[in-house]
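What follows is a single structure, written as structure tokens, with notes after it.
The values are calculated or read from the model by the stated rules, or taken from the named source; none is laboratory data. Because the structure is a prediction, the values reported are computed rather than measured. Cβ sites come from the backbone with ideal geometry, for glycine too, and all protein chains shown count toward neighbours. To get the accessible areas, we keep the full protein, side chains included, count just its heavy atoms, and leave off ligands, DNA and RNA. Shrake-Rupley method; radii C 1.70, N 1.55, O 1.52, S 1.80 Å.
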Amino acid sequence: SFMFYSNLIGDMISNENVWKRWYEDNRPEELSVPDYEQKLIDQTDIGPFLKLLLIRCLRVDRSILMCKEFIRNTSVMGPAFVEPVTDTIEMVYEEMKPDVPVIFLLSRGSDPTDGIIELCRKKKLPAPAVISLGEGQEPVALKAINAGVVNGTWVLLQNCE
């Protein structure tokens, strides 16, 4: 398989117009790959990954979409790994375990802080220690985490970049 694209440059040169149309298309990941589509189909175990590699090498701008499609169609992972999570804070709370941290991966403009604080009020729990990590905040965060371990309280660490 590591030799799969060994003649790619030659194939592109000999079939330049078709490759150019494929490359310049707005969604090349949805098109048949010139000179390689049937070979990719025949490689059932690794063909989709080889197509992902080609898209990544030639059209970086389409890589994220292609990665999502690859993951969605991979039997080991599937759609659950690429669909947005729409669980409510209450749903997350019901599945929580005391010894397992909950991690929220956020997109721009989303912030679960208010929802977490409101959940604490509803459940009559102490408000979480909210710490925005940044320069010099590590000791503050460690102190809050240690207190949370001892007291069973929550610690909300923000900006964990």
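Just to be sure before I move on: is residue 63 closer than 30 Å to residue 5 by Cβ, among the small types (Gly, Ala, Ser) and open to solvent by less than 50 Å² (accessible area, probe 1.4 Å) in the structure I sent? Break it down into steps so the answer makes sense when it comes.
On the way: closer than 30 Å to residue 5 by Cβ: yes; among the small types (Gly, Ala, Ser): yes; open to solvent by less than 50 Å² (accessible area, probe 1.4 Å): yes.
It is true that residue 63 is closer than 30 Å to residue 5 by Cβ, among the small types (Gly, Ala, Ser) and open to solvent by less than 50 Å² (accessible area, probe 1.4 Å).
Give the residue, chosen from 116, 71, that is surrounded by 13 or more Cβ atoms within 10 Å (Cβ to Cβ) and touching a strand residue (DSSP E or B) at 6+ places or on another chain (Cβ under 7 Å). So that I can check it myself, show each step before the final result.
Values: 71 fails: touching a strand residue (DSSP E or B) at 6+ places or on another chain (Cβ under 7 Å).
Criteria check complete, one pass: 116.
Is one or more of the residues making up the range 76-93 over 30 Å from residue 20 (Cβ atoms), of a type in the set (D, E, K, R) and either within 17 Å of the chain's Cα centre (by Cα) or surrounded by 14 or more Cβ atoms within 10 Å (Cβ to Cβ) (or both)?
Filtering the range 76-93 down to residues over 30 Å from residue 20 (Cβ atoms) leaves 76-93.
Within this subset, residues satisfying the condition of being of a type in the set (D, E, K, R) are 83, 87, 90.
Of the ones still in play, those that are also either within 17 Å of the chain's Cα centre (by Cα) or surrounded by 14 or more Cβ atoms within 10 Å (Cβ to Cβ) (or both) are 83, 87.
Yes: one or more hits.
Of 5, 23, which residue is open to solvent by 70 Å² or more (accessible area, probe 1.4 Å), hydroxyl-bearing (Ser, Thr, Tyr) and farther than 30 Å from residue 116 by Cβ? Give the steps one after another, and end with the answer.
Values: 5 fails: open to solvent by 70 Å² or more (accessible area, probe 1.4 Å).
Step by step, each of 5, 23 is checked, and only 23 is open to solvent by 70 Å² or more (accessible area, probe 1.4 Å), hydroxyl-bearing (Ser, Thr, Tyr) and farther than 30 Å from residue 116 by Cβ.
Being touching a Gly at 6+ places or on another chain (Cβ under 8 Å) and aliphatic (A, V, I, L, M) is the filter here, so list the residues in the range 98-143 that pass it.
Scanning the range 98-143 gives a single hit, 129.
If you take the residues of the range 36-60 that are in contact (Cβ under 8 Å) with a residue 24 or more places away in the chain and over 12 Å from residue 4 (Cα atoms), which of them is surrounded by the most Cβ atoms within 10 Å (Cβ to Cβ)?
55
Output the residues belonging to the range 26-35 that are open to solvent by 90 Å² or more (accessible area, probe 1.4 Å) and in contact (Cβ under 8 Å) with a residue 12 or more places away in the chain.
Keep residues of the range 26-35 that are open to solvent by 90 Å² or more (accessible area, probe 1.4 Å), which gives 26-27, 30.
Passing the criteria: only 27.
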